[in-house]
Each structure stands twice: as C-alpha cells, then as structure tokens.
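The values are calculated or read from the model by the stated rules, or taken from the named source; none is laboratory data. In this text, all values refer to a predicted model and were calculated from it rather than measured experimentally. Because the Cβ atoms are built from the backbone with ideal geometry, glycine has one as well, and the counts that use them run over all protein chains shown. Side chains included, ligands, DNA and RNA excluded: accessible areas come from the protein's heavy atoms. Shrake-Rupley method; radii C 1.70, N 1.55, O 1.52, S 1.80 Å.
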Amino acid sequence: MLQTGLMMDRPLLLSGIIEHAAAQFGDVEVVARETHGPLFRYTYAQCAARSRRLANALAGLGLKPGDAVGSIAWNNQRHLEAYYAVSGSGMVMHTCNPRLHPQQLIYIINHAEDQVVLFDATFAPLVKGIAAHCPKVRAWVCLADSEHTPLIEGVANLAVYEELLAPCSDRFAWPEFDERTAAALCYTSGTTGNPKGALYSHRSIVLNAMTICIPGALNLSSLQTVLPVVPMFHINAWCIPYAAPMAGTKLVLPGPKLDGASLYELMESERVTISAGVPTIWQGMVAHVEQHGLQFSTMRMTATGGSAMPLSLIAKFADVYNVEVRHGWGMTETTAVATMGSLQGKHADWTPQQKHALVAKQGKSTFGVEIKVVDESGATLARDGVAQGELMVRGQWIVSAYYKGGQSPLVDGWFPTGDIATIDAEGVMQIRDRAKDVIKTGGEWISSIDLESAAAAHPAVAMAAVIGVKHPKWDERPLMFVVRKPGQDVTREELLVFLAERVAKWWVPDDVVFLDALPVGGTGKVQKADLRKQYGGVFS
Ligand code: AMP
C-alpha cells in the first residue's frame with residue numbers, strides 16, 4: 001500500500017524568495033537604471049523591506065487577495081518590488097507589454113480586472129490614451145517620486161509610488177496560502193484575435209526559478225552577476241527576477257536603455273557575468289562591440305531565445321568574445337524556459353563548428369517538462385532528429401487553460417505549441433518553424449529559420465526574414481527580406497550565390513527584397529504577418 005511521506009508540507013510561495021534573499025544574501029546588490037537616467041542601487045534586504053511597504057500601501061488602497069494589479073514598466077527596482085509585494089500578498093501581478101496595440105492593452109487590463117496599474121513615466125502618454133477606457137482601475141501609480149511623475153491630463157486618479165510608500169511600515173506578515181494560488185498573469189502577444197492570459201501559480205514560478213539556477217541552465221549563484229535584458233513585462237523576464245534572489249545573485253536591471261552601447265557600458269561597469277535576451281538585442285550589442293573594437297571583460301554567458309539565434313552569432317560570441325550562448329525555448333504559456341541547450345562533457349573534443357551547430361538547436365527539456373512531436377493525426381513521431389511535426393509540451397509550469405478562456409487548449413494532457421520541431425535520439429529539440437511560417441514547396445517543407453540563419457552568416461547582412469509567397473506551380477516559394485549592415489553592400493545575386501553554397505538548391509529564395517528595417521513586434525520577433533500582408537502576392 002502506498003504511504004504518505006512524513007515531510008512537512010510547506011507551500012512554495014514567492015514571498016519566501018525575497019525573504020530568503022533578505023536573510024541569506026541581505027547585502028547582495030540590486031542595481032537598476034532609473035527611467036529618468038541615473039543608476040540606482042540597494043540590497044536585497046532593502047528590496048524586501050520596500051516590498052513589504054508596498055504590500056502595506058496596496059492594502060491601504062483597499063486591495064484584497066485575489067485582486068489584480070497591472071504594470072506597464074521597464075526592468076527596474078520598483079517593478080521588482082511590485083513582483084514580490086503583489087504576489088506575496090496573494091494578489092495577481094499582471095505584467096502588461098507596453099508594445100501591444102493600445103486597444104489590446106485596454107482589452108487585457110479590463111479582462112484581468114486590474115484594480116491598480118503601476119507604470120513608468122515613459123508610458124504616461126500611453127496611460128493618457130487608455131485610462132478612460134479602463135473603468136475598473138482605481139489608481140494609476142507612476143513608478144517614481146513626485147519630481148519625476150508627469151501630470152497626465154484627464155487622469156484624475158493618478159498617484160505617485162514614492163508618496164504611497166512613504167507613510168507605510170516595512171513590517172508586513174506575508175500571508176500563507178496554497179502554493180497553487182495565482183501569482184502572476186501575462187497575456188500572449190497574439191497577432192490574430194484577442195491576447196490570451198497565462199495565469200502562473202506560485203508553485204509554477206518557484207519551480208521554474210529553481211530550475212533555471214542550475215549550472216546546466218543559467219548557472220545562477222552568489223558568484224555571478226546577472227543582467228536580464230528580457231523584459232519583466234513579458235513572461236516574467238524568464239523568471240530571472242525570482243531566480244536571482246533565490247540564488248543570491250547580484251541583479252542588474254537595464255531600465256529603458258536597451259541599445260548596444262548602454263547595455264555594454266552597464267555590463268562592464270557592474271561586472272555582469274551572465275545575461276539573457278532575445279537575438280535582436282544581441283545583434284545590436286555585437287554590432288556595437290564590433291564597431292568599437294571592444295571585448296567583454298566579465299560577461300561569459302548569455303541565455304537567448306524568443307526566436308532562433310543565428311548560428312553565425314553563436315559562433316561570433318564564442319570564438320571572438322569568449323561568451324557561451326545558452327539557447328532556450330519557451331513561450332508565454334510555459335512560464336519561462338522549457339528547453340535549454342548546453343554542452344556536455346562528451347562534447348569536449350568536438351570542433352568549434354560542431355559545438356556551435358549543437359548550440360543553435362533549442363536543447364533538451366528541463367527537468368519538470370516533457371516534450372514530443374506529433375504528426376497531423378496526433379501520432380508521436382520518432383526521436384530521430386529528422387521527423388518533424390508539432391511540438392507538444394507538458395509539465396509543472398505549462399498552462400492547463402487560459403484565464404477566463406473557456407475550453408482548455410490541451411490535447412490528451414499536452415499543450416500544442418504551434419511550433420514545428422524535431423527531437424533527436426538524445427532529446428535535443430530543434431525548432432524548424434512556427435507552423436504558420438513554414439514554407440511548403442512542391443510538397444516539401446522549407447524552414448524559414450534555417451534560411452534566415454544562413455543569410456545572417458553573410459558579413460553584410462544585419463537581419464534577414466523569409467516568408468512563403470504563393471506560387472502557381474510549387475504552391476509556395478521563399479521570398480527573403482534583408483537589412484544590410486550600415487556601410488555594407490551586397491546585391492541580390494551575390495546573396496543568392498552565397499545561399500546556394502549553404503542550403504539545398506530548391507531552398508534558395510526566388511527573390512530578395514532589401515529593406516531599411518524589418519517590422520519587429522512587442523517581444524523582439526519579426527512580424528512576418530506584416531511582411532505577408534505587404535509582399536505576400538503571387539510569384540509568377
Ligand atoms: P511568446 O509567447 O511571445 O514568447 O512566443 C513564443 C514563441 O516564440 C514560441 O512558440 C516560438 O515560436 C518562438 N520561440 C521561442 N524561443 C525560440 C527559439 N529559441 N527559437 C525559435 N523560436 C523560438
């Protein structure tokens with residue numbers, strides 16, 4: 001007969017993380033770029049104290065457990081305090097992506113029933129435009145002191161964060177409740193239909209944060225300094241704001257300054273060792289470092305994901321800058337990272353090229369997550385690195401349903417991701433495409449990701465994107481869009497020859513369109529829907 005283990009049943013709660021950091025790593029620093037420019041610094045002990053004061057302030061505004069608090073904010077110390085105060089009080093921290101269309105922002109704030117919205121001064125114009133359409137919001141709180149809070153015409157219920165906190169005590173007894181209680185809410189940035197809400201529990205976030213600390217993932221410890229460029233407004237900045245205090249890691253938050261020069265300066269001045277960001281951020285960073293002949297003196301590892309990291313960039317980081325790339329995969333629905341690649345001892349003798357090719361794949365599922373690929377009938381495909389189908393995922397921090405979303409999206413207990421992938425015999429997963437981006441030509445599939453990665457290897461190419469365009473004979477053919485690096489040149493013909501040497505002949509795009517910039521969406525991904533709308537005609 002099964003027996004119940006005789007261990008204490010203590011809930012996994014987010015308040016426990018910040019109190020752990022205050023008690024065990026009380027003097028470890030949090031450094032943040034203020035929205036108005038200067039660097040701010042304090043310790044985890046001070047961060048915990050201010051989180052408690054905010055918890056008192058929210059209670060003073062009449063908020064109760066279960067209520068939602070929105071944020072439209074950069075990665076900074078006040079946003080961090082809100083992460084702990086809101087969830088720690090049993091409320092739901094609803095992070096809003098400021099790059100969503102204002103109509104979508106209004107939709108998610110109303111759908112989540114946010115009672116209070118915390119915002120950075122940068123977003124005052126946004127607040128001005130949406131406030132009248134969000135009747136349930138009792139207070140719009142600017143994350144600043146009174147000197148840096150702008151007046152917003154037409155918004156009467158405006159409050160100043162520092163004034164709210166000033167009279168409040170830094171003593172607050174965090175409530176204890178079931179670890180499955182909702183802690184945070186993030187909406188998908190869906191390009192079709194309304195955004196859908198992923199409602200994370202305390203348990204899912206704590207487990208994910210523990211997982212990303214391990215050496216095979218982000219390797220967070222009190223020996224490291226981590227700078228998450230990934231935004232706290234989308235997928236919990238991959239749970240780094242939870243994992244860093246858990247591990248006693250110094251946390252550096254970049255605020256609104258996300259250009260290559262500002263990030264580089266911050267990495268150097270704060271002696272950052274680990275970072276995390278989407279590939280477009282790293283492209284900007286490498287362009288800056290290359291242009292000025294710089295090196296990283298302390299940065300040794302960066303996690304990337306959100307879209308595929310081109311092989312050439314992985315190689316450059318490793319071979320030129322001695323920075324190891326950890327390539328992960330996840331989505332709004334997976335709380336944060338679900339798979340991550342890292343080299344193993346047995347790869348020590350591999351050539352750099354072999355290693356980079358492995359890193360370019362999205363890696364193995366972390367403990368707590370299972371993955372499989374299925375064909376159109378739902379049958380599981382072989383783990384042979386060749387058979388490709390829809391990636392399905394299940395685990396401790398994967399959504400089971402959308403917030404107020406009706407029918408569960410799960411299929412036999414698995415979440416269908418909409419990504420097309422392969423998994424090899426060792427469990428290494430590779431994303432081949434979004435199901436809607438894959439190019440079907442003459443009954444075969446072309447991976448737009450692979451074509452983009454091949455083009456990115458050309459020295460004159462800053463960014464590339466590929467879409468399928470209707471073709472009378474082949475069904476679809478690839479059309480490539482390229483942004484050249486400043487001062488560099490490459491012609492259509494030169495690029496097609498370059499690609500023909502790297503991909504199968506029938507993969508070579510039918511045409512190349514040169515643009516000044518690619519349309520990039522709220523989470524740093526190229527908006528292929530926009531390209532399709534404009535260029536998705538018919539090849540003759
Ligand atoms: P979002 O929910 O907005 O973060 O988008 C999640 C989607 O981003 C996934 O379903 C993938 O299509 C894509 N994605 C995330 N990480 C990667 C990666 N490492 N390589 C390729 N695509 C990725």
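The rows are residues; the columns are (1) among the β-branched types (Val, Ile, Thr); (2) in contact with a helix residue (DSSP H, G or I) (Cβ under 8 Å, 6 or more places away or on another chain).
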| residue | (1), (2) |
| --- | --- |
| 345 | no, no |
| 359 | yes, yes |
| 370 | no, no |
| 374 | yes, no |
| 377 | no, no |
| 387 | no, no |
| 397 | no, yes |
| 407 | no, no |
| 429 | no, no |
> Counting only residues that are assigned to a loop (DSSP other than H, G, I, E, B) and among the polar types (S, T, N, Q), which one in segment 1-48 is nearest to the chain's Cα centre (by Cα)?
Replying inline: 35
> Taking segment 84-117 as the region of interest, how many residues are touching a strand residue (DSSP E or B) at 6+ places or on another chain (Cβ under 7 Å) and of a type in the set (D, E, K, R)?
Replying inline: 2
>> Quick test of your reading of the structure: residue 127 fulfils all but one of (1) open to solvent by less than 20 Å² (accessible area, probe 1.4 Å); (2) in contact with a Leu (Cβ under 6 Å, 6 or more places away or on another chain). Name the failing condition by number.
In response: (2)
> Within segment 494-540, which residues are away from the ligand (no atom under 16 Å from the Cβ), part of a loop (DSSP other than H, G, I, E, B) and more than 19 Å from residue 476 (Cβ to Cβ)?
Replying inline: 501, 502, 516, 517
> Taking the stated definitions as given, is residue 378 more than 14 Å from the ligand (Cβ to nearest atom), assigned to a loop (DSSP other than H, G, I, E, B), small (Gly, Ala, Ser) and under 30 Å from residue 458 (Cβ atoms)?
Replying inline: no
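Rundown of residues vs (1) among the aliphatic types (A, V, I, L, M); (2) touching a Pro at 6+ places or on another chain (Cβ under 7 Å); (3) under 27 Å from residue 304 (Cα atoms); (4) open to solvent by 30 Å² or more (accessible area, probe 1.4 Å), yes/no style:
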| position | (1), (2), (3), (4) |
| --- | --- |
| 479 | yes, yes, yes, no |
| 486 | no, no, yes, yes |
| 497 | yes, no, no, yes |
| 500 | yes, no, no, yes |
| 503 | yes, no, yes, no |
| 511 | no, no, no, yes |
| 517 | yes, no, yes, yes |
| 523 | no, no, yes, no |
| 527 | no, yes, yes, yes |
>> away from the ligand (no atom under 14 Å from the Cβ), open to solvent by less than 40 Å² (accessible area, probe 1.4 Å) and under 25 Å from the mean Cα position of the chain (by Cα): is that true of residue 347 in this structure?
In response: no
>> Give me the residue from segment 424-474 that is assigned to a strand (DSSP E or B) and within 14 Å of the ligand (Cβ to nearest atom) and, out of that set, most open to solvent (accessible area, probe 1.4 Å).
In response: 434
>> Please count how many residues of segment 247-263 are open to solvent by 30 Å² or more (accessible area, probe 1.4 Å) and either in a loop (DSSP other than H, G, I, E, B) or of a type outside the set (Gly, Ala, Ser) (or both).
In response: 5
>> I need every pair where a residue in segment 325-341 that is farther than 12 Å from residue 217 by Cα has its Cβ under 6 Å from the Cβ of a residue that is within 8 Å of the ligand (Cβ to nearest atom) and assigned to a loop (DSSP other than H, G, I, E, B), sequence separation at least 6 or different chains.
In response: 332/188
> In this structure, is residue 221 open to solvent by 20 Å² or more (accessible area, probe 1.4 Å) and of a type in the set (S, T, N, Q)?
Replying inline: yes
> Out of (1) within 16 Å of the ligand (Cβ to nearest atom); (2) under 30 Å from residue 38 (Cβ atoms); (3) touching a Phe, Trp or Tyr at 6+ places or on another chain (Cβ under 9 Å), the odd one out for residue 279 is which?
Replying inline: (3)
>> Considering only residues that are assigned to a helix (DSSP H, G or I) and surrounded by 24 or more Cβ atoms within 10 Å (Cβ to Cβ), which ones fall in segment 63-80?
In response: 78, 79, 80
> Any residue at all in segment 220-234 that is at pLDDT below 95 and not assigned by TED's automatic domain parsing to the domain that holds residue 31?
Replying inline: yes
>> Let me confirm something: among 168, 134, which residue is touching a Lys or Arg at 6+ places or on another chain (Cβ under 7 Å), under 26 Å from residue 14 (Cβ atoms), buried (at least 17 other Cβ atoms within 10 Å of the Cβ) and not hydroxyl-bearing (Ser, Thr, Tyr)?
In response: 168
> Looking at this structure, is residue 391 crowded, with 22+ Cβ neighbours inside 10 Å and within 16 Å of the ligand (Cβ to nearest atom)?
Replying inline: yes
> If you take the residues in segment 402-423 that are β-branched (Val, Ile, Thr) and farther than 17 Å from residue 384 by Cα, which one is nearest to the ligand (Cβ to nearest atom)?
Replying inline: 417
> Residues in segment 227-246 that are over 15 Å from the mean Cα position of the chain (by Cα) and either open to solvent by less than 20 Å² (accessible area, probe 1.4 Å) or charged (D, E, K, R) (or both): how many?
Replying inline: 2
